[in-house]
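Any read-out appearing in this document is the output of simple, stated calculations on the displayed coordinates, not a laboratory observation. Since the structure is predicted, the reported quantities are computational estimates derived from the model, not experimental observations. Methodologically, a virtual Cβ is constructed for each residue, glycine included, from the backbone with ideal geometry; neighbour enumeration extends over all protein chains shown.
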Amino acid sequence: MSANAGAADSMSIEETNKLRISLGLKPLDVSDTSEQSEPNQKVQSTSSLDQEAIALQNWKEQEEKKRIEREQNEITSKIQTIRQKNDQRRRVKGRSLADILAAEEEETSSEDTRSWVLKMRKKALEKNTSESAAPKQIQKSINRKPAREFPKESAVSLEGIRIAHDFQKLNSENELTLTLRDSDVLEDNNGDLLESNEIAQQEALHKKLEEQKASSGYKPYEDEGEIYNDFKPKKDSTEAVTVIGENNALVQGKDTTDEEKSTAKQGIRVSLSDTTPSTPEVSDYRDIKIKKSKKKRSREDRRKRKIDDVEDNEFQSNATTGDTPEAQNSTFTAQEKQDNIRRKIQGLNSQSIVEDDDLQEVLALQRRAAQKKARTLRPEQIAEHVQTQKNTEEEINEDESNSKGMIINDTRSFVDSLQQVENEEPFISPDEKQGEEAHENKYTITVPTNIELSNNVPEEEAAVVEDNGSQPPQKTADVLEDEPLVSGGVGTVLSILKNKGVVKVSAEAQEKMRREEEYNKWFTKKQNARRELEEQRRHQKEQDRSSGKLNHMTQKEREQYAKRENEKWDRLIAKVEMEQFQDYKPEVNIRYVDEFGVELGPKEAYKYLLSHQFHGKGSGKAKTEKRLRKIEDMKKQERKPIFE
Amino acid sequence: MIEVLCNDRLGKKVRVKCMPDDTIGDFKKLVAAQTGTDPRRIVLRKWHSTYKDNITLADYEIHDGMSLELYYS
């Protein structure tokens, strides 16, 4: 039991008892081990089995008690009922209703119909014969309230009371309950009017049926006026009234107030025979003006018309120039063009110009084309035009050069510029001249062709001149040969043009260039100054090192010396730089660009880049859309080719 | 009086003297006094059934020398 203590802690009994007392428990029931087993068992038994036995006994006792109580209650209740019955019997004498019914039930217990019928008959007979004896008792015992009896003879006589029905109807019924008819308080209809509900309903039904029978069906094919013929104005309602006369005799009478009533009811009389004026017939269709349809042109016509518009320009332009041999140089030979146009005209003529309208239209088109031609320009056309113009002018010039008088035009100015150039650059070597001459004739550029053409012309001249003589034209040839090749690049082209005077540098561009040059000069100056100083610094360092001054110093001293030197040099450099900035003239250009790439002026810049960003609010929907549209148009415009 | 063993399986082994009609709650108090813990935190178990506080040791049929498992909640 407690032999194997092991590592288990255990409190002694005394300690345990102390603990138990402190906790509020009973102290241990200590006894010997041998005894302990038994009491243990006992304790166990009382704790579990014995308790059950006790419980069982208790329960049994409880049940006993309950049973006894119940019986006693029963007995008492029985006694009570018997006592009550006795009391009742003493009070009541004779047959009670219950007895009667019970007796009846006994009698009627035999459920045969025949026997029951006989019984009932017998009872009825008995009842008739002996009315007085038993019922009285019954009545007394039952204590019924007697039915209310109306007095047979009333003090008030019924004479003069009116009934709202016909005499015959009243007679036909066995029993009739008449009620007073509802009427207005102030309305005085000669007194009260009694009426029977049933008879009134019957009459109403009767009337309704008659009306239904009378009203004829709708005859669709009859004229409007005849529908109303069947309508009969309501008859004057004359109610049949009976009056109770003397000694309760019914007298048929007529209601005298009906006439008044009928007059009141009629109101406005309208004769329905007058036909109403028919409404004006409304047409279902709206009033529409029928427009004369235009004659539609066929697809063929329309196509031809379009071509005409386009080609008419050329037609017109060529018409002015005519068949000149110089027109051969253009990209699209005039001959070919004219052939086309001739074909077109033939096509036009082939159309049946039946009516004057068509002819007029054709003429109008031609006129319009002529107008258009004045506006639209295409490179080839321009080239052509200019060339032909020039040719004509040249011709005129040549013609007129014989006559006295000078004409100043482009060619003239060009030649003058040539002379100018010739004066400026007379020192080109002959070798170059020779080499370049060979290449000159191979111009293939597509710049504004008037240049090219004008180049061609003087070249020819120059070539001609050169063939003839050497020295005097050599100068011009020099100048011409000096020209660099266009194949050199865009820069060379630009220089050529500049020399010719075609491309003029504007004043502000020149200003800009000047400023840039200035800035560059200044910048280089600054750089040089700085570099110089750096050189000197380095040189000084070298000297210090080589002189051996540093060897005599300790590390710390060396560091200090170096620090001082650095400071000195830095100061010097800074000073020099400051001096440089004395003549610093920068060109400051603040450009504001928004997210779409559009350059903004001061107002817009403030608006979009500052104000909107600061407040965090942009423009509204309409405004932004407008802006976007503008930007789009701008971009589109930029992308468009110049000549269209 | 019976003596019941309570084993912690972590080094605590206690032998408690008590009466069979003591409730588990009282028993727990005794155990707590001997082990030095809070009686409310002690949970006595036998395999997976936890012993409830209001039932006596006799009803649980805990006899002399039986061992219970001591856990802490």
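Order these by the 10 Å Cβ neighbour count, fewest first: A:K636, A:K304. Provide the component values of the computation, followed by the final result.
Values: A:K636 9, A:K304 17.
Result, fewest neighbours first: A:K636, A:K304.
Pairs of alpha-carbon atoms within less than 8 angstrom and 6+ residues apart define the contacts here; what relative contact order does chain B have, in percent? Value for chain B: 42 percent. What the phi angles of region A:526-540 give under the Karplus curve with 6.51, -1.76 and 1.60, with θ = phi - 60°, is a coupling list of 4, 4, 4, 4, 4, 4, 4, 4, 4, 4, 4, 4, 4, 4, 4 Hz, glycine and proline written as x.
Built from the Cα atoms of region A:547-610, the convex hull projects on average onto 9.6 nm², one quarter of its surface area.
The spread of Cα positions in region B:2-72, taken along each principal axis and listed from longest to shortest, comes to 28, 24, 22 Å. Kirkwood analysis of region A:592-638, using all unique Cα-Cα pairs, places the hydrodynamic radius at 11.3 Å. Evaluating 6.51 cos²θ - 1.76 cosθ + 1.60 at θ = phi - 60° for every residue in region B:63-72, the Karplus couplings come out as 9, 6, x, 6, 10, 10, 8, 9, 10, 10 Hz, glycine and proline recorded as x.
What translational diffusion coefficient, to the nearest whole µm²/s, does region A:511-583 have by Stokes-Einstein, given a Kirkwood radius computed over alpha-carbon pairs, a temperature of 25 °C and 0.890 mPa s viscosity? Walk me through the numbers on the way to the answer.
Values: Rh = 14.5 Å.
It diffuses with D of about 170 µm²/s by this estimate.
So what is the 222 nm mean residue ellipticity for chain B from helices alone, if each DSSP H run of at least 4 adds -39500 (n - 2.57) and you divide by all residues, rounding to the nearest 500 deg cm²/dmol?
Working: 1 runs with 12 residues, N = 73.
About -5000 deg cm²/dmol.
Please identify every one of the GluC sites (Glu not before Pro) in chain B that sits in a loop by DSSP and has no more than 14 other beta carbons within 10 Å of its own beta carbon.
Working: sites: B:E3, B:E61, B:E69; in loops: B:E61.
Here the GluC sites (Glu not before Pro) that fit, given the DSSP loop and packing criteria, are B:E61.
Ordered by the count of other Cβ atoms within 10 Å of each Cβ, fewest first, A:H385, A:H552, A:H165, A:H612 give A:H552, A:H612, A:H385, A:H165.
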